[in-house]
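The values are calculated or read from the model by the stated rules, or taken from the named source; none is laboratory data. Values in this document were obtained by computation on a predicted structure and should not be read as measured data. Cβ atoms come from the backbone with ideal geometry, glycine included; neighbour counts cover every protein chain shown.
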Amino acid sequence: MESKAMHLIRQKEEDLAQAAKKTMELEASLRKAEMESHSWQNLAKAKEAMIMDLNNTLEQARESLVCVSDAPEDAESLFRDQQEGEMKKKSNNNNKMACKHCNARSSCVVFLPCRHLCSCKSCETFLEACPVCNSIKEASIKVFWV
């Protein structure tokens with residue numbers, strides 16, 4: 001009985017020694033992982049500081065551009081720019097309403113099934129397809145503007 005007990009005690013001591021060895025290995029791995037974690041955190045903080053610095057530089061550049069672009073111009077050029085903008089708006093509106101076939105008369109015919117308002121009454125009779133999307137014209141409707 002005593003020899004069997006001694007055998008079990010030795011076996012348990014060996015298991016305990018292996019567990020202690022495994023614990024030391026795991027603690028070493030844990031320390032290594034903690035060191036890597038700290039180095040990654042430090043790198044992330046450095047990158048974050050660099051990003052903040054770049055954002056501040058970008059914001060300063062934007063503010064300087066705004067200051068430069070807000071510089072007052074002479075009244076004549078401001079008036080000329082405003083007139084040109086109004087002329088472009090008017091010409092765009094007229095082009096949108098012009099017949100897409102002749103560009104001379106205003107559009108007053110809607111093509112079906114696509115529903116594009118794109119032709120004058122004179123050109124509509126000669127068109128077999130919509131000039132905007134080239135879909136086959138199945139019908140057309142004259143629109144009366146009020």
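Can you pull out the residues in segment 114-131 that are surrounded by 14 or more Cβ atoms within 10 Å (Cβ to Cβ) and in a loop (DSSP other than H, G, I, E, B)?
CYS114, HIS116, CYS120, LEU127, CYS130, PRO131
Given the criteria surrounded by 10 or more Cβ atoms within 10 Å (Cβ to Cβ) and at pLDDT below 90, does GLN41 qualify? Don't jump to the end; show me each part of the working.
Details: surrounded by 10 or more Cβ atoms within 10 Å (Cβ to Cβ): yes; at pLDDT below 90: no.
Answer is no for this residue.
Quick one: which of GLU36, GLU76 is assigned to a helix (DSSP H, G or I) and either in contact with a Cys (Cβ under 7 Å, 6 or more places away or on another chain) or modelled with pLDDT under 90 (or both)?
Numbers: GLU36 fails: either in contact with a Cys (Cβ under 7 Å, 6 or more places away or on another chain) or modelled with pLDDT under 90 (or both).
Only one candidate passes the filter, namely GLU76.
Within segment 134-146, which residues are in contact with a strand residue (DSSP E or B) (Cβ under 9 Å, 6 or more places away or on another chain) and touching a residue at least 12 places away in the same chain (Cβ under 8 Å)? Steps first, answer last, please.
Filtering segment 134-146 down to residues in contact with a strand residue (DSSP E or B) (Cβ under 9 Å, 6 or more places away or on another chain) leaves 135-143, 145.
Answer for segment 134-146, where residues must be in contact with a strand residue (DSSP E or B) (Cβ under 9 Å, 6 or more places away or on another chain) and touching a residue at least 12 places away in the same chain (Cβ under 8 Å): SER135, LYS137, GLU138, ALA139, SER140, ILE141, LYS142, VAL143, TRP145.
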